1. Between 111, 27, 23, which is modelled with pLDDT under 90, closer than 30 Å to residue 201 by Cβ and not in a loop (DSSP other than H, G, I, E, B)?
2. Out of the residues in region 12-23 that are in contact with a strand residue (DSSP E or B) (Cβ under 9 Å, 6 or more places away or on another chain) and in contact (Cβ under 8 Å) with a residue 12 or more places away in the chain, which is surrounded by the most Cβ atoms within 10 Å (Cβ to Cβ)?
3. Just the residues that are assigned to a helix (DSSP H, G or I) and modelled with pLDDT of 90 or more, please, taken from region 185-207.
4. Any chance region 25-48 includes a residue that's in contact with a strand residue (DSSP E or B) (Cβ under 7 Å, 6 or more places away or on another chain), in contact (Cβ under 8 Å) with a residue 12 or more places away in the chain and in the same structural domain as residue 124 (by TED's automatic domain parsing)?
5. May I ask you to verify whether residue 89 is free of Cβ contacts under 8 Å to residues at least 60 places away in the same chain and not in a helix (DSSP H, G or I)?
6. Restricted to region 42-55, and to residues that are in a loop (DSSP other than H, G, I, E, B) and surrounded by 12 or more Cβ atoms within 10 Å (Cβ to Cβ), which residue is nearest to the chain's Cα centre (by Cα)?
7. Looking only at residues in region 172-184 that are touching a residue at least 40 places away in the same chain (Cβ under 8 Å) and part of a helix (DSSP H, G or I), which one is surrounded by the most Cβ atoms within 10 Å (Cβ to Cβ)?
């Protein structure tokens, strides 16, 4: 069992959460984490790179000069990849790089990434991330109170508009909802600042 302190907005401990490692997979599945990160990165690729083949570039189909009797090497049309301005040979074509892992594997990858963060002591559990108004200064003061240095991911239990608009302009800060969290986002940032209800839901924790 792991005990995680729950902090308030000023960085003071208010309670704690007991987390059973078995509910997070029991161990860190490195191979699964790598596969998940590769999948999310591949799905981000646009795959719009394209080049023109010899049949698509502008130019005549006529043979440049006759085959024999000129003293030069034989040559075909101007659009051949061997000549400047010709088409590309085996160039990139539009394609879809995306692929998917099974749902159970994706969920286990999230739990494994969370377990890795917990073992590295890079998780800050807070009572709440709600703001009364949209103000970036409040987000800056919160991170300062929690002693978060470096990049961090703010995870709320539910969609929080004020949190999103207050923290989205901070460099190195990401915002996510617990239900939409993925392994890549957890591993991308150094710190994980998460609301207590979100942590309990993800880890199946006991208060």
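The values are calculated or read from the model by the stated rules, or taken from the named source; none is laboratory data. Quick caveat: nothing in here was measured; it's all calculated off a predicted structure. Neighbour counts are summed over all protein chains in view; Cβ atoms, including those assigned to glycine, are modelled from backbone coordinates with ideal geometry.
1. 23
2. 19
3. Matches in region 185-207: 185, 186, 187, 188.
4. No, that holds for no residue.
5. yes
6. Per the stated criteria, the residue is 45.
7. So the residue we want is 183.
So that you can scan it fast, the table gives a plain yes or no per residue for (1) over 17 Å from the mean Cα position of the chain (by Cα); (2) surrounded by fewer than 19 Cβ atoms within 10 Å (Cβ to Cβ); (3) under 19 Å from residue 11 (Cα atoms); (4) not assigned by TED's automatic domain parsing to the domain that holds residue 15:
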| position | (1), (2), (3), (4) |
| --- | --- |
| 149 | yes, yes, yes, no |
| 161 | yes, yes, no, no |
| 164 | yes, yes, no, no |
| 170 | yes, yes, no, no |
| 189 | no, no, no, no |
